[in-house]
Amino acid sequence: MSRRPPDCPPDRLSEAPLPGLFAGPVTVPPAEASEPDHRLAHRARLRARFMEGGAAAMPDYELLELLLFRALPRGDVKPLAKRLLRVFGDLNRVMAAPAARLAEVPGVGPAVIEQLKILEALGHRMARARVLKRPVLSSWDALLDYLQTALSHQDTERFRVLYLDRKNVLIADEELAQGTVDHVPVYPREVMKRALALNASALILVHNHPSGDPTPSEADITMTHAIRDAAEVLGLVLHDHLIVGKARALSFRSEGLL
């Protein structure tokens with residue numbers, strides 16, 4: 001025989017809370033409650049289309065929308081996605097844009113900047129994983145892809161050195177200096193000091209040209225030859241110096257400059 005809860009009239013038995021279940025009415029989360037149905041439906045359609053067809057099924061602004069959904073759980077993010085692409089040019093440049101530049105775009109706040117910077121870092125880690133601890137000279141295309149991802153959209157010059165062991169396996173990829181839009185200070189002694197600390201046998205120099213043109217300057221050539229000469233004294237091999245531009249990387253070795 002069933003017993004009704006205390007103080008609950010017989011005609012309200014169906015509304016009495018049951019032990020272990022919700023003690024009150026189920027509420028809709030504020031974000032969903034205040035979001036128009038058409039916006040929720042748009043987000044659901046985009047997510048479903050991505051899961052069914054992948055990135056190939058979507059233009060850049062829709063992929064960017066998917067990223068912005070997590071940073072901005074409410075509102076229409078399509079105008080912001082298109083604005084970011086219009087300001088920076090493409091997805092890579094949006095991800096690589098400095099936080100200060102992103103903050104200048106109307107509608108971009110800390111949550112959006114954080115989301116974009118996390119995705120940028122993940123992209124770099126994924127590209128780096130394809131070359132780290134592997135023979136570099138037999139993974140040259142993967143190396144160029146990684147460097148293009150990491151450096152082609154930077155707005156100041158960055159100087160990196162790839163340190164290799166006796167089998168030309170990449171053991172370290174380190175940024176040794178940052179500069180201005182057209183110059184980065186490089187000290188051969190620091191490059192050699194780090195090579196000795198890592199017990200490296202060979203190295204590849206890398207830096208970017210924010211102008212987009214990878215043509216080496218006289219200063220680039222002089223600096224490269226100075227590092228080559230210092231490496232030879234220590235029994236190290238300088239395999240190459242790569243200058244990364246917007247669309248391609250220039251190899252000193254291929255150009256006959258080494």
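Key figures for this structure:
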quantity	calculated
Accessible surface of the chain [probe 1.4 Å, protein heavy atoms]: carbon and sulfur percent	55 percent
In order through segment 119-132: 3J(HN,Hα) via Karplus (6.51 cos²θ - 1.76 cosθ + 1.60), integer Hz, x for Gly, Pro	5, 4, 4, 5, x, 5, 5, 5, 5, 5, 4, 6, 10, 5
Built amide H within the under 5 Å cut-off of Arg134, gap 5+	Leu170
Inter-probe distance in nm under a simple model that places probes 7 Å from Cα toward Cβ, at Ser211 and Arg248	1.7 nm
Distance violations [Cα-Cα > 26 Å] among Lys117/Lys193; Lys117/Lys167; Lys193/Lys246; Lys82/Lys246	Lys117/Lys193; Lys117/Lys167; Lys193/Lys246
Contact order normalised by residue count of segment 142-258, Cα under 8 Å, 6+ apart, percent	28 percent
Nearest-10 value in Å² for the accessible area of Ile118, using the 1.4 Å probe	80 Å²
Probe 1.4 Å - accessible area at Leu119, Å² to nearest ten	50 Å²
Whole-Å distance, taken between Cα centres, linking segment 53-72 and segment 202-245	38 Å
Surrounding net charge for Met95, when Lys and Arg each add one and Asp and Glu each subtract one, Cβ distance under 9 Å	+1
Ser254 accessible area, assembled protein chains, probe 1.4 Å, Å²	100 Å²
Protection proxy ranking, peptides 136-145, 75-84, 156-165, 176-185, average beta carbon neighbours within 10 Å, highest first	156-165, 75-84, 136-145, 176-185
Per residue accessible area of the chain, 1.4 Å probe, in Å²	58 Å²
Most to least accessible of Tyr61, Tyr187 (protein chains only, probe 1.4 Å)	Tyr187, Tyr61
Net dipole in debye of segment 154-258 [+1 Lys, Arg Cβ; -1 Asp, Glu Cβ; about Cα centre; nearest 20]	360 debye
For segment 145-153, 3J(HN,Hα) per residue [Karplus equation, 6.51 cos²θ - 1.76 cosθ + 1.60, θ = phi - 60°, Hz, x = Gly/Pro]	4, 4, 5, 5, 5, 7, 10, 5, 10
Normalised contact order of segment 173-231, rounded percent, pairs of Cα under 8 Å and 6 or more residues apart	40 percent
Per-residue [θ]222 nm for the chain (sum of -39500 (n - 2.57) over DSSP H runs n ≥ 4, rounded to 500)	-13500 deg cm²/dmol
Cα→Cβ-extended label distance, 7 Å offset, between Leu137 and Leu196, nm	2.5 nm
Rough spin-label spacing in nm, given labels placed 7 Å along Cα→Cβ, for Arg125 and Asp90	2.5 nm
Total formal charge among the other residues, if their Cβ is under 11 angstrom from that of Val184, Lys/Arg +1 and Asp/Glu -1	-2
Efficiency of FRET from Cβ geometry, Phe69 and Tyr187, R₀ 41 Å, rounded to 0.05	0.35
Computed over segment 48-114: relative contact order in percent, which uses C-alpha pairs under 8 Å that are six or more apart	26 percent
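The values are calculated or read from the model by the stated rules, or taken from the named source; none is laboratory data. What you see is a predicted model, and the numbers here were worked out from it, not measured in a lab. Every residue, glycine as well, gets a Cβ built from its backbone with ideal geometry; the counts of neighbours run over all protein chains shown. Side chains included, ligands, DNA and RNA excluded: accessible areas come from the protein's heavy atoms. Shrake-Rupley method; radii C 1.70, N 1.55, O 1.52, S 1.80 Å.
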